[in-house]
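Student: Let me begin by handing over the structure; questions about it come next.
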Amino acid sequence: MRRAAMQEYQLYIDGAFSDAEGGKTADSINPATEEPWARIARAGRRDTQRAIAAARRAFDEGPWPRMSQADRKKILNQIADGLEARSQEIAAVETQDSGGTIRKTSGDMMLGANQLKYFAEMAEKVPLLEEIQVPQFPAQSKNYLQHEPIGVCGQIIPWNFPLMMAVWKIGPALCTGNTLVLKPASDTPCSALELAKIIDQTDLPKGVVNVVHGSGAECGEELCTSPLVDKVALTGSTEVGRRVQQLASGTIKKVTLELGGKSANIILDDADLEMAIDGSLFGCFFHQGQACESGTRLFVSEKLHDEVVSRLVERTRQLTIGDPMDFGTAQGPLISARQRETVLGYIKAGVDEGAKVAVGGKRPEHLAKGYYVEPTIFVDVKNSMKIAQEEIFGPVLCVIRYKNIDDAIRMANDSIYGLGGAVWSRDKTKALEVAKQMRTGTVWINDYHLLSVAAPFGGYKQSGIGREFGLEGILEYTEVKHVHVDQVDNRPAKFWYGALFGA
């Protein structure tokens, strides 16, 4: 059978598409077929420097940071409308690039467009100047807080939700008048470069958004160390987050980190089990478990344990694993052979430590190609085990027994992470009390994974620094200036000058 022509992608720098220096390229491998389907220009350090210089010029000399809030809103809406118009086309691109099921990526496109519309609305609503009240001693004064764009932002995103992560980074940065260089993950750059094509057709001034595809060692490290970059924002693993923070410290950059998780999901004895079972499986197996906030630790009381496990296994066996381009597929492949072997390695480690596989645990026999792993449920898991403490980033659920609710909360908090979590109960007052005691950035009650663009998202502990979404996430892209306006207007009345000049 004749292979379809390879898709070609270039870098997007200073309002133009271009090849990488020396003509370097890299192929994108379709995780379902293990075949290359696209060829992308591969940026090196000098390409990244060129993109940073363009963003710097656009900030220091261009109109964007000085543009009215209404004009910024208009341009963000242009980007949102462009994404909406091409949503199905880009969903297919992302499925081939990432292995995400077409029904997931289709939803991601519409969510991304709606999120951009939120940032467009907020571009006009963010309080750029507000008066604050301060004590009127020793001086009578008026005082203001001024929110200003930080400057050039280096944006580093992962491979699990490529388009959505691009929106999460581009939206708030543009909303507040910044310029940026976006570095998509090496494995999944194509939907971000499709977004660059949309941006190129809007009224956004050149150089405001630049997109470079390349390695973390070259492009990522240049963004973190360049003195021309004012802020770095990363979504990625905790290990990479440590490296980014270390590199950015050389120039004391502002840093936002959204990192790993090992989120706890607690089923209370009065839970609606039909909802809790499906919600817990959705919490762990959505996108093959490749979500940082996935509910990979499920805490169940000894009373409910056997019934819950039986129902979890039954529902898991009903999930369809296969071609991610088929709307009937529930579970697609993992991102790469490397990630598949990592997940299988964790499954082996779980068995070696004494946990038991209740369902799954291997590659599906009916799929000869593709980076697939069966959705896997472990029982007899102790919270201290490797599979319960380390982020696996695959379809592996650990069911852990608890004796009482205090025991469940203690184990839920016994983690270096604190990104997501959930409580299942018919008694919402009781569920809220449990949620209050969980040391984590987001807690769902009787649901999972639903993130609102208007509510802050981020982690406690080693799950990150700062927040995305909501006003809190937008203000991460601003500098706060305090302006003090004297109201005394009388030199003799300024007695505090006597500290230098005497009475």
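A short reminder: the numbers here are calculations on the coordinates, not readings from a lab. In this text, all values refer to a predicted model and were calculated from it rather than measured experimentally. With ideal geometry, Cβ positions are generated from the backbone for all residues, glycine too; neighbour counts draw on all protein chains shown.
Student: Between the stretch 131-198 and the stretch 1-73, what is the C-alpha centre distance in whole Å?
Tutor: When both Cα centres are located, 19 Å separates them.
Student: May I ask you to list, by number, the DSSP H helices of the chain whose Cα span along the axis is at least 27 Å and whose average Kyte-Doolittle hydropathy reaches -0.5 or more? Before the final figure, lay out each step's value.
Tutor: Numbers: long enough: 102-125 (34 Å, -0.47).
Membrane-span-like by this criterion, though nothing is claimed about a membrane: 102-125.
Student: Compute the convex hull volume of the Cα atoms of the chain, divide it by the residue count, and report the result per residue in Å³ as a whole number.
Tutor: On the way: hull volume 87.6 nm³, N = 503.
Output value, Cα hull per residue: 174 Å³.
Student: Restricting to the stretch 264-445, compute how many DSSP beta bridges are antiparallel as a %, nearest 5. Don't skip to the end; give the middle numbers.
Tutor: Numbers: 3 of 22 bridges.
Antiparallel bridges: around 15 percent, rounded to the nearest 5.
Student: What does the net charge come to around ARG86 if you take all other residues with beta carbon closer than 9 Å to its beta carbon, with K and R at +1 and D and E at -1?
Tutor: Working: positive: LYS197; negative: GLU84, GLU89, GLU194.
Once positives and negatives cancel, what remains is -2.
Student: Ok, one more. What order do you get for 360-373, 386-399 when each peptide is scored by the mean count of other beta carbon atoms within 10 Å, highest first? Before the final figure, lay out each step's value.
Tutor: Working: 360-373: 16.8, 386-399: 23.2.
For the peptides 360-373, 386-399, the packing ranking is 386-399, 360-373.
Student: While we're on this one: When the Cα centres of the stretch 305-359 and the stretch 224-294 are compared, how far apart do they sit, in Å?
Tutor: After rounding, the separation between the Cα centres reads 21 Å.
Student: Something else now. Among residues other than SER263 whose Cβ falls under 15 Å from its Cβ, what is the net charge (Lys/Arg +1, Asp/Glu -1)?
Tutor: On the way: positive: LYS262, ARG297, ARG439, LYS461; negative: GLU258, GLU293, GLU390, GLU391, ASP414, ASP447.
Neighbourhood net charge equals -2.
Student: Something else about it: Mind checking the log10 I(q)/I(0) for the stretch 264-445 at q = 0.15 Å⁻¹? Debye, one equal scatterer per Cα, no solvent, two decimals.
Tutor: -0.81
Student: Students often check this: by mean Cβ neighbours within 10 Å, which of 347-356, 97-106 ranks highest, and how do the rest follow? If you can, show how the numbers build up before the last one.
Tutor: Values: 347-356: 16.0, 97-106: 26.0.
So the order, starting with the most tightly packed, is 97-106, 347-356.
Student: With θ set to phi - 60° and the Karplus curve 6.51 cos²θ - 1.76 cosθ + 1.60, what are the ³J(HN,Hα) couplings of the stretch 456-469 in order, to the nearest whole Hz, using x for Gly and Pro?
Tutor: With coefficients 6.51, -1.76 and 1.60, one gets x, 10, x, x, 7, 6, 8, 8, x, 9, x, 9, 10, 6 Hz.
Student: Return the percentage of antiparallel bridges among DSSP beta bridges fully within the chain, rounded to the nearest 5 %. Numbers along the way, then the final one.
Tutor: Working: 29 of 69 bridges.
Percentage antiparallel, nearest 5: 40.
Student: Give, as a single signed number, the net charge of other residues whose beta carbon lies under 13 Å from the beta carbon of GLN140, with Lys and Arg counted +1 and Asp and Glu -1.
Tutor: Charge balance near GLN140 sits at 0.
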